[in-house]
Amino acid sequence: MTDTTRPKISARSVERVFAAETDNPVHALGPFDLDIADGEFCCIVGPSGCGKSTFLRIVAGLLRPSAGAVEVDLAGTSKTPIAMVFQDYGIYPWKTVEANVRFGLEVGGMSKRDAREKALFWLGRLGLTEFRNAYPDKLSGGMRQRVAIARALAVEPEILLMDEPFAALDAQLRQILQEELLALWEADKRTVLFITHSLEEAIVLGDRVLVMTARPGRMLESVQVPFDRPRTPELRAEPEFNEFKAGLWDHLKLQVEQYLNELRTVEEEGDER
Amino acid sequence: MTNTDPNTTVDKRGPRVLRREPGVAEIKPRAHVRNRKAAERALAIGVPAALLLLWQLAHHYEWNLLGYWKIDQRFYASPYEIVTSEKLREADFWRDVWTSTRRMLIGFALGAGAGVFIGLAMGMSRLVRAALDPLLTALYTVPKLALLPLFLTIFGFDERPRVMLIAVTVFFFVWISTMAAIMAVPEGYREAAMSFGVSRWQMFRHVLLPGSLPQIFVGLRIAAGVAVLILIGVELVIPSQGGIGSLIERGRTLLIPELTYVGIALAALLGLLFTLVVRWIGRLLIPWAPEDNAPGQG
């Protein structure tokens, strides 16, 4: 990076091996290097099982790396500087919508009154006010994911981590939530690390798109997205968008194929031995 | 291995930096797992050993607990005395162990069989449920030991009242967990099978039974523990025809405390072995389910 300020998140030679104590360790990630600037919306795309979620969980502190390190620079003193939105199972079925949103605030030590006030504000911003006393079971998938986003944003994190948050939604709903997310991000420009397997989604949302290889996940490509902000999902109707996407895809396809060929050669060499 | 508690390093000086770096578990995974297992084993053996030692010390020095409960060497045996006791060597308690084991196994088999059968039928059929649910729910709350006089009247003083009481107790635990397990099989699994046009038997064989087996085995394990509980209870109440409970009682009446201690230890051992066996069978039958560590005693 040419930027003189320190990156918000910097990963150096991060690796993760699962079942390392057994005879069949699984090398899931890395070595992986990455710098993310303050306020950057960074999307990571990659095939299933490429370790992109593993990387996110390491940044979140849910998992330690097997080697290397990730450093996260924080400006404030908030107890929850990093918030995460999961694809599923993130919100609790035994709490009402409002109680779900209050959860992060209350465990962070905020008084019930303040938490309630803040929760109501974020419920309003995500169009959930009238559902605040409902249980998640009564909501559609899109509504539930809005609750998850409201809960993450309510703690006003410096960094928002999103793990395929829209993967389980249908195409129309997905587009609506992308639009809402763009508007929310535009308002206060937090650093976002967004995992998806949709190239299109990554281009619509991100300042930068990172593409990862198959397992063990490594960086294949890092591309700046050339489209101006504020963006809307209508962007994808523009010819430039499709041109960019097609160009990127061709490029990637070539690299993925090359990478797969390399893998094959390595395997064959291994077999001959 | 997933580390659920990665202590992130927070640098107190200057701007805050969170560092996510490898911990001991990641740097030396094999050694870490080996050490953890060694520590677990040491605790598993060490805690009972320490308690035995404490017992021996309390006996030896005749500790005065809480100011008024004095350990009197005349009435309490120490672990060392028990192990070296001559009277114990003369006492033929293996016959009692076998009597108890037989009662427990027969009672458990009868109760578990009936429980699984009725539970499956009620879980699968609304009509059977309607017919039996109120009755069984009412009977469920009756303390089973209260049925003993009744069983004695019906069956007389042979093995049957004891075995039946164990069977009835086991039945209720297994029945409830089996019925709940069948009804908890997710709708999606049933619909997927129905979309292939399965028969009632096929639905049972391919979906409902395997889908509910893990839960059924949780019930069986709890029932295995409770079976020992009831077994010893019955044998204490009617100690006339042997068994571990009768052994415990004999120790008291014949003033051989060692016998009582040995009886208690044997009851614990019997319960432990039996729940382990049930668990092992469960593991063989349900290879797809993650191993859970629900205790065997209910």
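The values are calculated or read from the model by the stated rules, or taken from the named source; none is laboratory data. Since we're looking at a predicted model, the values are computed, not measured. Here the Cβ positions follow ideal geometry from the backbone for every residue, glycine too, while neighbour counts run over all protein chains shown.
Among the residues of region A:66-83, write down those that are under 18 Å from A:Phe32 (Cα atoms) and hydroxyl-bearing (Ser, Thr, Tyr).
Passing the criteria: only A:Ser66.
Filter region A:72-83 down to the residues that are outside any loop (DSSP other than H, G, I, E, B) and within 28 Å of A:Pro136 (Cα to Cα), then identify the one that is farthest from the other protein chains (Cβ to nearest Cβ).
Among those that are outside any loop (DSSP other than H, G, I, E, B) and within 28 Å of A:Pro136 (Cα to Cα), it is A:Ala83.
Would you point out which residue out of A:Ala37, A:Ala69 is touching a residue at least 24 places away in the same chain (Cβ under 8 Å) and within 12 Å of chain B (Cβ to nearest Cβ)?
A:Ala69
Could you list, in sequence order, all residues of region A:103-115 that are over 27 Å from the mean Cα position of the chain (by Cα) and assigned to a helix (DSSP H, G or I)?
A:Lys112, A:Arg113, A:Asp114
Please identify the pairs in which a residue from region B:63-79 that is in the same structural domain as B:Leu52 (by TED's automatic domain parsing) and over 24 Å from B:Ala265 (Cβ atoms) has its Cβ atom under 8 Å from the Cβ atom of a residue that is surrounded by 10 or more Cβ atoms within 10 Å (Cβ to Cβ) and β-branched (Val, Ile, Thr), counting only partners at least 6 apart or on another chain.
B:Asn64/B:Ile71
Here's the yes/no breakdown for (1) at pLDDT below 90; (2) of a type outside the set (A, V, I, L, M); (3) not in a helix (DSSP H, G or I):
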position	(1), (2), (3)
B:Trp98	no, yes, no
B:Met104	no, no, no
B:Gly107	no, yes, no
B:Leu110	no, no, no
B:Gly115	no, yes, no
B:Ala131	no, no, no
B:Leu135	no, no, no
B:Ala146	yes, no, no
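Can you say whether A:Met212 is within 29 Å of A:Glu71 (Cα to Cα) and over 20 Å from the mean Cα position of the chain (by Cα), as far as the supplied structure shows?
no
Taking the residues in region A:170-209 that are more than 14 Å from the chain's Cα centre (by Cα) and in a loop (DSSP other than H, G, I, E, B) as candidates, determine which candidate is farthest from A:Met143 (Cα to Cα).
A:Lys189
With the structure loaded, tell me whether B:Ile281 is crowded, with 21+ Cβ neighbours inside 10 Å and closer than 17 Å to B:Ala112 by Cβ or whether it fails that test. Full working, then the answer.
Numbers: crowded, with 21+ Cβ neighbours inside 10 Å: no; closer than 17 Å to B:Ala112 by Cβ: yes.
No; evaluated as a whole, the condition is false for this residue.
Looking at region A:30-54, which of its residues are farther than 18 Å from A:Glu201 by Cβ, at pLDDT 90 or above and either in contact with a Gly (Cβ under 8 Å, 6 or more places away or on another chain) or part of a loop (DSSP other than H, G, I, E, B) (or both)?
A:Pro31, A:Phe32, A:Ala37, A:Asp38, A:Gly39, A:Thr54
Being closer than 30 Å to A:Ala75 by Cα, in contact with a helix residue (DSSP H, G or I) (Cβ under 9 Å, 6 or more places away or on another chain) and modelled with pLDDT of 90 or more narrows it down to one residue among A:Val211, A:Val192; which is it?
Step by step, each of A:Val211, A:Val192 is checked, and only A:Val192 is closer than 30 Å to A:Ala75 by Cα, in contact with a helix residue (DSSP H, G or I) (Cβ under 9 Å, 6 or more places away or on another chain) and modelled with pLDDT of 90 or more.
Out of the residues in region A:84-100 that are closer than 24 Å to A:Glu130 by Cβ and not in a loop (DSSP other than H, G, I, E, B), state the one that is nearest to the other protein chains (Cβ to nearest Cβ).
The extreme case among them is A:Val85.
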